[in-house]
2 protein chains.
Amino acid sequence: MNNAYSGKEVEDKLVWLGKFGGNPDGGVSRLLYSKEWVDAQNALKKLLEEEGLAAQFDEVGNLFGRLEGTTFKDETILTGSHVDTVKNGGIYDGQYGIIAGFLALKYLKDTYGPPLRNLEVVSMAEEEGSRFPFSFWGSKNIVGHPSVEEVKHMEDFDGIPFEEAMHKAGFDYKKDPQQVRQDLKAFVELHVEQGNVLEKEGKSVGIVQHIVGQRRFTITLDGEANHAGTTPMGYRKDAMNAASRMICAINDMALEHGDPLVATVGKLILEPNTVNVVPGKATFTLDIRHTHKDALHQFTDEVTAKMNEVASQLGVRIDIDMWMDADPVPMDPNVVKAIQTQCELNKLDYKMMHSGAGHDSQLMAPAMPTAMIFVPSRNGISHSPHEYTKPEQLAVGVNALIGALYELGYKE
Amino acid sequence: MNNAYSGKEVEDKLVWLGKFGGNPDGGVSRLLYSKEWVDAQNALKKLLEEEGLAAQFDEVGNLFGRLEGTTFKDETILTGSHVDTVKNGGIYDGQYGIIAGFLALKYLKDTYGPPLRNLEVVSMAEEEGSRFPFSFWGSKNIVGHPSVEEVKHMEDFDGIPFEEAMHKAGFDYKKDPQQVRQDLKAFVELHVEQGNVLEKEGKSVGIVQHIVGQRRFTITLDGEANHAGTTPMGYRKDAMNAASRMICAINDMALEHGDPLVATVGKLILEPNTVNVVPGKATFTLDIRHTHKDALHQFTDEVTAKMNEVASQLGVRIDIDMWMDADPVPMDPNVVKAIQTQCELNKLDYKMMHSGAGHDSQLMAPAMPTAMIFVPSRNGISHSPHEYTKPEQLAVGVNALIGALYELGYKE
């Protein structure tokens, strides 16, 4: 096949869906089980049904729209993404994967008729963790480990319990939370990159081979707070100086290690944080990500050793606390290959890459063959009303998805 | 002469004076013109009078206690320090110079009778700048440039105007603010070091030859805030990384330059300061001090050039704002010599040094020959209830002051 999906239809539908929870400044706030969320899911259901897709919610509020297959009736290819947003997010993150999935199914039906396997688009209930301190509620329910005991006791920032919010929206826990659909044979998620790699490299499509693993740390340095005027340089145990040497080393080591490793010191707090006092205490975070577990662990070991060495040299006490340790998730080579084959057929300028951010696909991947497609994000911005992808870039992404679903759903 | 002043009298009097504004935790809060301040000055006046010293306030509330000289009646040697404290300060900073001055005059009178020149101890109204955003009110009035127009419009943290507070305490502006006493021929200030040099080097007495000049800066770095997972190391403009390289360079350059130069990055604020976002903005302060103006300026130039170079290399915008520029103040060689001569006679283990902190003496020095004497501060701590100097160390300081005043007041 050679597809030529184009036009402003994708953007128009994103703007339409973005009105549910839309703010005057162009941002969207659509938190799990809120009124805006319910309205959006119901509007999407209507949209699917109008196009002749069989639409239904599961117990927790994931919305599925189905294009029935003719031959392999117990095999379903799933696409889609999450319908919730961060507070004051943009109209691309999540939404794009749903709208693009809908348009891809419509295009395939109109162009090629019914597929061999069932094709479904899913509007997943929740991924961002913006209302309750818990994320991936949608995909976790699909793959059968929703951690019900955990969410049961959660409240949102207004003190509303999770269950109350869920019931009010018309949903409930799954009767059998471990129950998983056996017909799901593949998942393809189309998403904005939320980074600037495609933009910088002038590529239209990213085919994701791995979602990075990440480890997060809090490092606490205890030196000595001293008078900035009366304490000679040689007598100091300056926590800011020690932190600076560690941060320089972390950045140098990460640069030298090279992609796909990233290491970030995003947060730093000094005490007493006063112009004329040598800092006695520094607390900073470290976020390390890599597509391969061994590399992630080895880099952690190297950086830890280096930080301990610097602390020892400068006479400051150091505490390194690792509070997140998520393994990398590889995408399925066959699904990746399906996407790649169609990108080549359709002459799309693609890049094999990894995702440095977390996605529903990392939950889906252990349960079914999964891969992701990215389109560029202007300036790499996301989780902001300034999130933006050009209409023609959005259309190219839909074409890539059409190709992938054709490859997976229309071939023997 | 060979003096052997000793005993717990100094500490007893410090504890006594510390009760005026004393907090339950052992700290002292005695802000300019407060009730505690008025009570302390009045109690000191009574103490001076009971010892037979002629005591009087000037118009603004500096308290002088005078031991009349027999021969050079128009020549006065002044000692003392400031009676105000920081909020929740200790009982040594300021107080010690007043109590020691009083005890020195008492000892000299009792031991040698009246001096050739008048000896006076002064309890200066204010040095710390803790109540109003203005410091050195006491010494500025003594030397004739109190900047009345500036203080006139000031209010304290409770909105009480400066004038109202002054009038309520029973004082007023000087009728002729530029008028300066012509009889003041020398000033010697005894003070706790507020640093850890004497303690580290095991010396009893510091003789100050310079008070450092200081320059203070705010440096603002504008990079790019990016997603910590999706932004490869090579595409970043990380303000924290840039700041770290500058701070390492500042510390390296200061260490290499050596004493008496000190350079301190005491405060740093990141934006957005979040674990999973590459810092887009870093704002930090730099405090540079040196005893010599040329060296202070040259180091500033070198550090500024280095910071600009780092910013340029890393592609972050930099703004360097110098908001304080105070020249170093040399102490008078003859007064220094007088202190040194007596320290040697009395076999006191002294060190020639500089003051890295600001003191009343830097205001006095341009108006009259001035020098300072330091005693050790435990762990270099000051401006804290934990400020501490041992009774025997306090006594050694009083002996050094007795010697200096003897040299200046009892010799032809």
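With the label 7 angstrom out along Cα to Cβ, how close does residue B:71 come to the same site in each of the other copies, in nm, nearest first? Ordered by distance, the counterparts are at 12.3 nm. Applying the Karplus relation 6.51 cos²θ - 1.76 cosθ + 1.60 with θ = phi - 60° to the range A:348-354 yields 3J(HN,Hα) values of 8, 7, 9, 10, 6, 8, 10 Hz, where x marks Gly and Pro. Placing a label point 7 Å from the Cα of residue B:272 along the Cα-to-Cβ direction, the distances to the matching points in the other copies come to 3.2 nm, shortest first. Extending 7 Å from Cα along the Cβ direction at residue A:134 and again at residue A:412 yields two label points whose distance is 4.7 nm. Taking the C-alpha atoms only, the angle from helix A:9-18 to the longest principal axis of chain A is near 60 degrees. From the largest down, the protein assembly as shown spans 122, 49, 43 angstrom on the principal axes of its Cα atoms. Counting only alpha carbon atoms, the long axis of helix B:95-112 and the longest principal axis of chain B meet at about 30°.
Look at the alpha carbon pairs under 8 Å that are at least 6 residues apart: their mean separation over the length of chain B gives a relative contact order of 24 percent.
Roughly what % of Cα-Cα distances in the range A:213-326 sit above 18 Å, to the whole percent? The calculated P(r) of the range A:213-326 puts 49 percent of pairs beyond 18 Å. Other residues lying with their Cβ under 10 Å from the Cβ of residue A:162 contribute a combined charge of -3, Lys and Arg counting +1, Asp and Glu -1.
All other residues with a Cβ under 10 Å from the Cβ of residue A:64 taken together, and with Lys, Arg as +1 and Asp, Glu as -1, what is their net charge? Let's see the in-between values first.
On the way: positive: A:45, A:66, A:181; negative: A:58, A:120.
That works out to +1.
Between copies, the label points of residue B:351, set 7 Å from Cα on the Cα→Cβ line, lie 5.8 nm apart, reported in increasing order to one decimal in nanometres.
What FRET efficiency comes out for the pair residue A:341/residue B:218, r = Cβ-Cβ distance, R0 = 51 Å, nearest 0.05?
Working: r = 57 Å, r/R0 = 1.11.
Efficiency for this residue pair is about 0.35.
Give the angle, between 0 and 90 degrees and rounded to the nearest 10, that separates the Cα long axis of helix B:35-50 from the longest principal axis of the Cα atoms of chain B. Approximately 30 degrees, to the nearest ten.
The modelled label-to-label distance for the pair residue B:174/residue B:352, using points 7 Å beyond Cα in the direction of Cβ, is 3.3 nm. Computed over neighbours whose Cβ is under 12 Å from that of residue B:363, the net charge equals -3, Lys and Arg +1, Asp and Glu -1. What the Cβ-Cβ distance of residue B:43 and residue B:378 gives, at R0 = 41 Å and to the nearest 0.05, is a FRET efficiency of 0.95.
Let a ≥ b ≥ c be the square roots of the eigenvalues of the Cα gyration tensor of chain B; is it rounded (a/c under 1.5), or, if not, prolate (a/b larger than b/c) or oblate? Before the final figure, lay out each step's value.
Values: a/c = 2.21, a/b = 1.79, b/c = 1.24.
Prolate, because a/c is 1.5 or more and a/b exceeds b/c.
Scanning chain B for the Cβ atom closest to the axis that brings B onto A yields residue and whole-Å distance B:244, 2.
What FRET efficiency, computed as 1/(1 + (r/R0)^6) with R0 = 60 Å and r the Cβ-Cβ distance, is obtained for residue B:25 and residue A:23, rounded to the nearest 0.05? All intermediate terms of the calculation are to be shown ahead of the outcome.
Values: r = 49 Å, r/R0 = 0.82.
That pair, residue B:25 with residue A:23, gives E of 0.75.
The simple spin-label model puts a point 7 Å past each Cα toward its Cβ; for residue A:182 and residue A:158 those points are separated by 4.3 nm.
None of the figures in this text is laboratory data; all of them are computed from the coordinates on show. Computed from a predicted model, the values in this text were never measured in an experiment. No Cβ is skipped: glycine too gets one built from the backbone with ideal geometry, and neighbour counts run over all protein chains shown.
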